[in-house]
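Written below as structure tokens is the structure these notes are about.
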Amino acid sequence: MTNQHSTENQSIEISEWLNHSEISDLGPIIYGVQVWGTQTNEAFQKQLLTWYHKEKRDLPWRQDKTPYHIWISEIMLQQTQVDTVIPYYNRFLNLFPTIADLADANEGKLMKAWEGLGYYSRVRNMQVAANQIQTDFGGVFPNTYEDILSLKGIGPYTAGAIGSIAFDLPKPAIDGNAMRVFSRLFGISADIAKAKNRKIFEKIGEYVISKDYPGDFNQAIMDLGSSYESAKRPNPEGSPVKGFTLATLAGRTDEFPVKSQKKKAKPHYYDALIIQNTDGKVLIKKRTDEKLLNQLWTVPLIEEPKEVNASEAVKHMVAETKENYAIDPIVMKQPIGQVKHVFSHQIWHINVYLAYLKSTQNQPEEYLKNNNQAWIIPNRPNDYAYPTVQMKIWQVFQAYLNNQFDKDK
């Protein structure tokens with residue numbers, strides 16, 4: 001345990017609330033943060049867990065402690081809302097019910113199962129990790145923190161969550177949600193956006209976690225952070241542990257956590273080309289060797305160095321299709337709509353254009369296969385995995401078709 005004489009990472013003095021709240025004793029100083037003592041910690045755990053056991057959300061991955069199930073849910077929940085994850089989770093386990101099924105899965109089927117969730121590196125890493133489990137652990141999910149952490153795509157938070165929930169390991173699960181809760185509990189002024197400060201919250205988490213019910217404790221912190229201690233609409237006065245929460249006691253909830261601004265997302269400009277052949281099919285292409293949306297299917301996307309006018313864009317698209325798609329379409333002079341899509345570090349501004357082939361110019365099947373291209377009917381189910389940005393492009397296309405249909409009535 002790290003002790004320091006000063007509390008440079010704490011902007012609310014905990015001793016001021018000693019015996020004037022639920023806080024009855026003081027404990028060590030951890031990385032400049034004065035924490036409460038053993039007696040208060042036990043009272044906090046009891047109050048938090050009593051609330052959790054009574055009010056916990058009924059979620060499918062909480063029905064059992066199967067490590068594989070916990071793992072899938074934790075990976076899906078990264079960067080994704082709970083309500084969105086539930087149907088994906090159920091469908092994924094139906095398709096890949098075991099670690100072996102995931103390890104052996106066809107890539108296309110795997111990506112299709114993840115379609116719409118985004119951050120596709122998550123599912124690729126899961127398959128790599130599933131093969132690690134098959135090779136290194138005899139097909140059995142590892143049960144130590146260090147071994148769980150050794151799996152591809154699993155960091156300290158996910159290892160803590162899986163270890164505590166599935167194996168009762170007393171390891172905290174520290175993500176942005178948990179750091180926000182602990183910041184308010186102890187009045188921690190350390191910037192949660194700085195990676196170097198994570199160790200503060202991990203050490204405090206190790207101190208306060210219930211050794212008897214570590215999984216329930218971590219999930220209770222998650223639920224607390226998504227409800228009473230949420231980022232946008234907190235309700236600190238309704239919190240089941242408000243008597244332990246320094247930020248609430250001091251009336252300073254809005255000051256915590258301290259979080260510096262991210263770098264501004266950089267704009268990128270694209271032309272999306274919906275090319276229809278004489279059969280009404282549309283050309284799509286699999287993105288390979290790309291940093292974003294790798295191995296996913298989209299209509300041809302042509303990146304522009306800057307925002308350009310329609311006539312320049314059309315010239316670029318005609319040249320691109322001749323060179324990389326072996327066709328010569330007629331491109332409409334104006335876009336049929338726009339799409340804006342936000343990634344964590346980029347914002348894509350996309351003008352969507354429509355084009356037609358003059359005659360039957362479909363490339364030979366061998367050419368299509370060798371160049372990862374295909375002709376499809378957009379509104380029919382297929383096995384091609386589309387990213388969310390392509391879904392938005394399809395919506396623009398469908399809106400255009402609906403508008404044309406209304407005009408022809």
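Read through the list (1) under 15 Å from residue 217 (Cβ atoms); (2) surrounded by fewer than 19 Cβ atoms within 10 Å (Cβ to Cβ), then give the number of the only condition that residue 37 fails.
It fails just one condition, (1).
Where in the stretch 36-142 are there helices (runs of 4 or more DSSP H), lying fully within it, with 1 or more residues that are out of contact with any helix residue (DSSP H, G or I) (no Cβ under 7 Å at 6 or more places or on another chain)?
The helices (runs of 4 or more DSSP H) meeting that bar are 38-55, 82-95, 99-103, 107-114, 121-136.
Does residue 353 qualify as being out of contact with any helix residue (DSSP H, G or I) (no Cβ under 9 Å at 6 or more places or on another chain) and either in the same structural domain as residue 46 (by TED's automatic domain parsing) or of a type in the set (Phe, Trp, Tyr) (or both)?
no
Of the conditions (1) basic (Lys, Arg); (2) without any contact (Cβ under 8 Å) to a residue 60 or more places away in the chain; (3) out of contact with any Asp or Glu (no Cβ under 9 Å at 6 or more places or on another chain), residue 171 clears all except one; give me its number.
Of the numbered conditions (1) basic (Lys, Arg); (2) without any contact (Cβ under 8 Å) to a residue 60 or more places away in the chain; (3) out of contact with any Asp or Glu (no Cβ under 9 Å at 6 or more places or on another chain), the odd one out for residue 171 is (3).
Can you pull out every residue in the stretch 364-409 that is loosely packed, with under 13 Cβ neighbours inside 10 Å and touching a helix residue (DSSP H, G or I) at 6+ places or on another chain (Cβ under 9 Å)?
379, 383
Of the conditions (1) outside any loop (DSSP other than H, G, I, E, B); (2) not charged (D, E, K, R); (3) not assigned by TED's automatic domain parsing to the domain that holds residue 356, residue 192 fails just one. Which one is it?
(1)
When you go through (1) over 25 Å from residue 150 (Cβ atoms); (2) modelled with pLDDT under 95 one by one for residue 112, which number turns out not to apply?
Here residue 112 meets the rest and fails (2).
Taking the stretch 130-171 as the search range and keeping residues that are under 15 Å from residue 102 (Cβ atoms) and among the polar types (S, T, N, Q), which one is surrounded by the fewest Cβ atoms within 10 Å (Cβ to Cβ)?
It comes out as 135.
Can you tell me which residue in the stretch 339-356 is farthest from the chain's Cα centre (by Cα), limited to those that are surrounded by fewer than 13 Cβ atoms within 10 Å (Cβ to Cβ) and assigned to a strand (DSSP E or B)?
Restricting to residues being surrounded by fewer than 13 Cβ atoms within 10 Å (Cβ to Cβ) and assigned to a strand (DSSP E or B), the top hit is 340.
Checking residue 278 against (1) at pLDDT below 95; (2) within 26 Å of residue 389 (Cβ to Cβ); (3) not assigned by TED's automatic domain parsing to the domain that holds residue 44, which test does it fail?
Residue 278 satisfies every listed condition except (2).
What pairs come out if I take residues in the stretch 305-324 that are under 18 Å from residue 356 (Cα atoms) and pair them with residues that are of a type in the set (S, T, N, Q) and surrounded by fewer than 16 Cβ atoms within 10 Å (Cβ to Cβ) whose C-beta lies under 7 Å away, six or more apart or interchain?
Final answer for the pair search is 310/334.
Kindly check whether there is at least one residue in the stretch 64-83 that is over 19 Å from residue 162 (Cβ atoms) and modelled with pLDDT of 95 or more.
yes
For the stretch 25-40, state whether one or more residues are farther than 20 Å from residue 157 by Cα, charged (D, E, K, R) and either in contact (Cβ under 8 Å) with a residue 60 or more places away in the chain or not assigned by TED's automatic domain parsing to the domain that holds residue 99 (or both).
No.
The values are calculated or read from the model by the stated rules, or taken from the named source; none is laboratory data. The structure presented is a predicted model; accordingly, all values stated were derived computationally and were not measured. Neighbour counts are summed over all protein chains in view; Cβ atoms, including those assigned to glycine, are modelled from backbone coordinates with ideal geometry.
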